[in-house]
Each structure stands twice: as structure tokens, then as C-alpha cells.
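Just below is one structure, and these are the notes that go with it.
The values are calculated or read from the model by the stated rules, or taken from the named source; none is laboratory data. Computed from a prediction, not measured in an experiment: that's the story for all the values here. Here the Cβ positions follow ideal geometry from the backbone for every residue, glycine too, while neighbour counts run over all protein chains shown. In case anyone asks, the SASA skips ligands and DNA or RNA and just uses the protein heavy atoms, side chains included. Shrake-Rupley method; radii C 1.70, N 1.55, O 1.52, S 1.80 Å.
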Amino acid sequence: MAQVEATTERVVAADAEKVFDALADYSGTRQKLLPGHFSEYEVREGGDGEGTLVHWKLQATSKRVRDCLLEVSEPTDGELVEKDRNSSMVTTWRVTPAGEGKSLVVVTTTWQGAGGIGGFFEKTFAPKGLGRIYDELLVKLATEVEK
């Protein structure tokens, strides 16, 4: 089994604090940002950053659906980490200032991939697919916070 990693980034025309607050708002804004690949969204504990427990299903492909139960932490300023209780998947969101009134948002997801030929294809294609999903989410985030 090899570690698989997918990273996507976008510069958003809004202050880092506003962008981070939107991402950390699991009980409000976050659900509005999710593309159609996400379903069954439910905040089970908390709802604002650290201490939140949130559930969703992520349909990465027509055949691949992950049932995710994510514990949210904020290890450093501008950083959200979502650890899936149901798998090895960890998604880290980093929001940093990128000039006057702009922010850089970087989302990185890692997980332990399958072995063998299936693992080769997962490591080759899954990051691109997940990248497209997060690109869509980041466009929605930009639209939301640039209002």
C-alpha cells in the first residue's frame, strides 16, 4: 500500500480570515460549497472548526463512494484538518494571505492506497479526479466569499 496524495489550490479575492471562517463553518457555509459529488451531509457535533464531527458521502467516481465521518481540528492558525474515522483519509485546508485582500487556499488529501495494479491506477488517476472535485468546491468558495 502506498500513500496517495491530491493537492489543489486557488487564490481567492478575500481576506484569509473571511475565507477560513467560511471553510470552518460546517453548520452553515461549508454545505453550500460542496459539489454534487457529496451527499448525506450531517454535522453530528460542533459545527464551527475545532471539535466538529461531520458526516458525508463522497462519490469520487460512478463506482467509488466513500462514507466519511470526519473529526475536525485546527492544529495551527489558518489550518483545518479533517481526519476520517472510517479510513486513512486526511484532508488539510490551509488558508494564507496572498497580498492585499487575497488569500491562497491549499487543500491536500492523503490516504493509504490499494496495493498491486489497483493501487497503481488509484495513485495515477484518483488525485486528478479528487483535484477536479476540489477545484469545483474552491470556485464555489470564491463565489461565496468574494460577494
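All of (1) among the hydrophobic types (A, V, I, L, M, F, W, C); (2) within 22 Å of V12 (Cβ to Cβ); (3) without any contact (Cβ under 8 Å) to a residue 24 or more places away in the chain hold for V107 with one exception: (3).
What number of residues within the range 17-33 are in contact with a strand residue (DSSP E or B) (Cβ under 9 Å, 6 or more places away or on another chain) and either open to solvent by 20 Å² or more (accessible area, probe 1.4 Å) or part of a strand (DSSP E or B) (or both)? Please lay out each step first, then the result.
Residues of the range 17-33 in contact with a strand residue (DSSP E or B) (Cβ under 9 Å, 6 or more places away or on another chain): 17-21, 23-28, 30-31.
The next check asks that each one be either open to solvent by 20 Å² or more (accessible area, probe 1.4 Å) or part of a strand (DSSP E or B) (or both); those that pass are 17-18, 20-21, 25, 27-28, 31.
Summing the residues that are in contact with a strand residue (DSSP E or B) (Cβ under 9 Å, 6 or more places away or on another chain) and either open to solvent by 20 Å² or more (accessible area, probe 1.4 Å) or part of a strand (DSSP E or B) (or both) in the range 17-33 gives 8.
Output the residue which, of all residues in the range 37-51 that are within 14 Å of the chain's Cα centre (by Cα) and not small (G, A, S), is most open to solvent (accessible area, probe 1.4 Å). Per the criteria, the residue is H37. K140 falls short on exactly one of the conditions (1) within 17 Å of E9 (Cα to Cα); (2) at pLDDT below 95, and that condition is (2).
Selection of the range 1-16 for residues being open to solvent by 40 Å² or more (accessible area, probe 1.4 Å) and closer than 22 Å to S103 by Cα yields T7, E9, R10, V11, A13, D15. Being closer than 15 Å to T109 by Cβ and modelled with pLDDT under 95 holds for only one residue in L80, L58, L70, and it is L58.
Would you confirm whether or not the range 52-62 contains a residue that is closer than 20 Å to E9 by Cα and open to solvent by less than 60 Å² (accessible area, probe 1.4 Å)? Give the derivation first.
If we filter the range 52-62 for residues that are closer than 20 Å to E9 by Cα, which is where we start, we get 58, 60.
Among the residues that remain, those that are also open to solvent by less than 60 Å² (accessible area, probe 1.4 Å) are: 58, 60.
Within the range 52-62 (the criterion being closer than 20 Å to E9 by Cα and open to solvent by less than 60 Å² (accessible area, probe 1.4 Å)), the answer is yes, since at least one residue qualifies.
When each of G99, G116 is tested for being among the small types (G, A, S), at pLDDT below 95, open to solvent by 60 Å² or more (accessible area, probe 1.4 Å) and farther than 21 Å from L33 by Cα, the lone residue that passes is G116.
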